Structure formats: C-alpha cells, structure tokens
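Below you'll find the structure, written out as structure tokens, and then a few comments.
The values are calculated or read from the model by the stated rules, or taken from the named source; none is laboratory data. Only a predicted model underlies this, so the values are computations on that prediction, with no experimental measurement involved. Quick reminder, even Gly has a Cβ in these numbers, built from the backbone with ideal geometry, and neighbours come from all protein chains shown.
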Amino acid sequence: MLLATALSVVAIVGQDATALRAAPRDSAPQQAVLWQGDSLEIRGEKGDFLQVYDYRRERAGYVRASQVRTQSLKEEAAPELLTLVRFLRDSPGSEALGISYAATYLSVNAGAVRRGEEAGGEVLEALASMADRLARRAASGVSGRAGEILAAHLEVAGAYGVAFNSYMRDGRVQLCYEGSAARQVLTLPAATPLQKAQAALILTRHECVAPDLSPLARFQLDIWRAEVLDRIDLKALPEVLKNRVRMRRAGVWAGLAYQRARRPELDTAAVGSAARRALDELAAINKAELMESDQPAYADAGLRVGASRWGAEPAPGTPSSPLHIRLSPGRAGETCVQLWDTRQDNTRPQLNRCTWGVVWAASASSHPDGSALSLAVQPLESWRELWLFRKGSEGWQLDVLPPGLDDPQLGYLEFAGWVPNTHQFLAAREIRQEGRYQTRFELINRDSLATDKQADRPANLSAFYRWQSPAWKAGTVSVR
C-alpha cells in the first residue's frame, strides 16, 4: 500500500487534473498531473503552494494548497478519517478519493481490524464497495475525457494496493475488483450482517467469474459462491438487500444445478436439490420491495433459473407414449439421444444424436399424433436450446432452435404446448441481447421454424391463451 506511514502529515489530492509544478507559481512548468486520491509527502510551504514529493511518480514539485487536503497520520485522526470514509462511500465519481481515505485509516489504525473492531469492518467494507463501484464504472465502456479520468482513478486505487482483474466478455473488457477487502469483512466477527451481505454480493458477481476456468475449477468456485451467500443472515437485513442476496443465490444455485448435472459421480437428487433451491430463492423475492435499479438483476436471475429449471423435475419413468426418447452415453462427456417410435420399429431408434450439453429428459413432450417431439438441451450454464424432432416426407429430422442468433450468453427457448390440428407449437423465449432483457411468447410453425405470431404476455396471444400446456404453466419461470 503506497502511503508514507513514517510521516505525521500527508497531502491528499482532492481535485482531478491537479498540476504538480516545478516552482510555486501557476506559470511554472508542469511536472505531472495529479488525480483525486493521490498521496503526497509535504516538505515545505511557500505562499499559496505546498512543496511536496510524489512517491508514486518519484517527482518533487509544488501544488496549490487549496487543491489538496492535509491529513494527520496520527492515531488520534482515526475518527475524522472514519467520518470522511462514511461520507465518500456512496459518492459516485469519488471512489479513488474514498479509497485513499480508507487506506489512510487502515494505516493509522491498523489495530482496528486486528482487534476486530466494528469500525475496522466498516472501513474494509467501504473500501470494497468503492473498489467494486469503480470497476463497474470502468466496465460500462466510458470513453473520451471521462474515460481518461476513470483510468487515472484506477491507477490511484492500484497505488493503494487495490487490485483488479480483467476478462474479455461480450467483445469488451470486463473489469472486476479482486475482492481482498471483501474477503476480510467476511472473516471479521464484529462485521455486521449488512456489511457481510454487501461483501458477499461483491465477491459473487456472475460477470466476474473468469470465462476460461476449467469445468472442475468452475464447479468448485460455484460451490464456494453458494457457501458465501448461504452464510448471510437474511433476518437482519432490510428487504431491499434481502432481495439482492436472493437474486444472487438463485443465479448461483441455477448454475450449480447445471454443473452437478455434468458430473457423472453425482446423482439426480443432487441436481434436483440445486435446481429446487434456485426456484425457491427466485420465488422468495419480494417484488413489492424490488427497486427499479434491481430490475436487470431480477431479469438476470429469472433467465439463469429458467435455463436450469428442468433439473427440479423428477426423472421420467416408463414411457407413456409410443414416441419417446432414451439416453445413452457417447464419447467421454457426451450424451446420446435416441428417438424411438414403437409403432414403427421396436428394434432400433428412428434417430440418434449426441451432444456435450445437458439433456433434460423430463422435458420431452411428444405430439399427440406422434409426428413431433420437443426436448430441452442445455449446452451452457445459462443457455438452453429447444430440440425439435419432426417427421417429414423423407423421415425423421432434428432441428436445434437456440434462444437467439448472437453469441450464446444468457437465454432459453422452451416448449409451451402443441396447437391441435395444425403444424404449430407454442414457445416461451427469454434472452439478454445487446444488454437488454426480452421476454416473448411465440407461435412457431414447425415446418418452416418461423415465428408466426408473438406477444409480450401469454394473454395477448389467443393461441397461447387457449393451448398452453398445463405442465408448462405450472413449471415455467417466464411468467413471474
């Protein structure tokens, strides 16, 4: 942590683009540009200027006294520093300055954390929250002058030991706070339930999971994220924060249902318990206390739970229809789907297709006349496709209908019912596309696979209102 702790007083820069000049006058050459939160050693005073040394840039010079704040580094200054941290914690745009004061507090009063004092936990949680907000601002794609200022603030935060991870996601760089201070909060006995909840939310962000993790590493990380969230005492939290924890839990447990389904050593009971937990957490969200700013997170949770929700259904027993599927292992990690029609041939399947995705056998639904069958297949943790087996003039064929045509990220398309006496079926589609969440209820032609009609609610589509499957209506999360 870059802080001159051997000194009794430092100057903390309070304004962006503060000039460090070679002499104590405004016309003197500029040595460097300083940003809010930069910490400087004070070596003297001349008129309206302070003579300082910048350890981060290894430059000496002069700054206007009005552009910095002199701060005592004695332990008696801790209450004043705590007040400043509290003030800056929820001030967007002042994260670098807030981080500097939090780091200064932890430097002059290191015993607060060691002794487990409540103030120590408060400052650590504030530091983590400001670092997380700074990372989210950087990930939002700020450009131009604002982007230059943001990059400078990230450098200032880094000088105090705040680390950030970066990943490529959706064609852009996703910056995330590394989380050291948040982890410390979780270990402090004196930290309040609210502080621990905030820390847990920082540590378990879906978009901050490294996309290049191996399947085993991802599985272990999801287990850890679930444990962190489950240790939060919801009873002591306000309703708004309860909702946020439940939304995050729902998404994490939905991911665990998918991860468990991919592991052959785990049985269907383990998969089912994770999927049911995700559904329960989503259902427990108090929509009356759901803030407008939380709507995207609520939609995100619904999409993740919807993608894995078939894991909560019991495995199918003896087929009740002549047209049905059977699953068999393929190559390592593969599942092969065999389509059987016992009316035609009871000795061999009509079609056989293998996939690396999770096949939810309980989702299979055959048309009453035996001419088609739908099946849910989930190739990714938050992406579920609809497989449509259909019989044509040249025999059986399989079509894979994805939720969207862009890069698979977050979405699902699910069968919702057959329309009698037609070659149409009903489907519900939820997807996040270009940062926007969309929900549609569609009437699809199974011959052309084109959407004949669509609406934003089932009641606004007459065929949907009349022919939706009772099983779909009872289990779907698309109608929340």
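Miscellaneous remarks
- Taking the criterion of being part of a strand (DSSP E or B) and touching a Leu at 6+ places or on another chain (Cβ under 9 Å), the residues of region 440-465 that qualify are Phe441, Glu442, Leu443, Ile444, Thr451, Asp452, Lys453, Gln454, Ala455.
- Of all residues making up region 333-360, the number that are more than 22 Å from Pro264 (Cα to Cα) and either in contact with a strand residue (DSSP E or B) (Cβ under 7 Å, 6 or more places away or on another chain) or at pLDDT 90 or above (or both): 6
- Residue selected from region 279-293 under the condition loosely packed, with under 13 Cβ neighbours inside 10 Å and of a type in the set (Gly, Ala, Ser), by the criterion nearest to Val377 (Cα to Cα): Ala283
- Options Gly333, Gly306; residue that is in the same structural domain as Trp387 (by TED's automatic domain parsing) and either of a type in the set (Val, Ile, Thr) or under 30 Å from Ser214 (Cβ atoms) (or both): Gly333
- Comparison of Gly330, Gly370, Gly302 shows that the only residue that is modelled with pLDDT under 95 and either over 22 Å from Pro402 (Cβ atoms) or crowded, with 22+ Cβ neighbours inside 10 Å (or both) is Gly370.
- Reported count of residues in region 414-456, each being among the basic types (Lys, Arg) and either more than 25 Å from Asp300 (Cβ to Cβ) or outside the structural domain of Ser371 (by TED's automatic domain parsing) (or both), is 2.
- Top-ranked residue in region 425-438 [being crowded, with 17+ Cβ neighbours inside 10 Å and modelled with pLDDT under 95; ranked as farthest from Pro379 (Cα to Cα)]: Tyr437
- Residue in region 262-278 that is touching a residue at least 60 places away in the same chain (Cβ under 8 Å), surrounded by 13 or more Cβ atoms within 10 Å (Cβ to Cβ) and assigned to a helix (DSSP H, G or I) present: no
- Every listed requirement among (1) within 21 Å of Ala152 (Cα to Cα); (2) without any contact (Cβ under 8 Å) to a residue 12 or more places away in the chain; (3) of a type in the set (Asp, Glu) is met by Glu76 save one, (1).
- Test: Lys235 is surrounded by fewer than 14 Cβ atoms within 10 Å (Cβ to Cβ), of a type in the set (Lys, Arg) and part of a helix (DSSP H, G or I): yes
Every residue, every condition in (1) under 18 Å from Val305 (Cβ atoms); (2) in contact (Cβ under 8 Å) with a residue 60 or more places away in the chain; (3) not in a strand (DSSP E or B), yes or no:
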{"residue": "Trp396", "(1), (2), (3)": "no, no, no"}
{"residue": "Pro403", "(1), (2), (3)": "yes, no, yes"}
{"residue": "Asp406", "(1), (2), (3)": "no, no, yes"}
{"residue": "Gln409", "(1), (2), (3)": "yes, yes, yes"}
{"residue": "Tyr412", "(1), (2), (3)": "yes, yes, no"}
{"residue": "Ala416", "(1), (2), (3)": "yes, yes, no"}
{"residue": "Thr422", "(1), (2), (3)": "no, no, yes"}
{"residue": "Leu426", "(1), (2), (3)": "no, no, no"}
{"residue": "Glu430", "(1), (2), (3)": "yes, yes, no"}
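- Residues that are β-branched (Val, Ile, Thr) and closer than 24 Å to Glu313 by Cα were ranked within region 340-383; the one that is farthest from the chain's Cα centre (by Cα) is Thr355.
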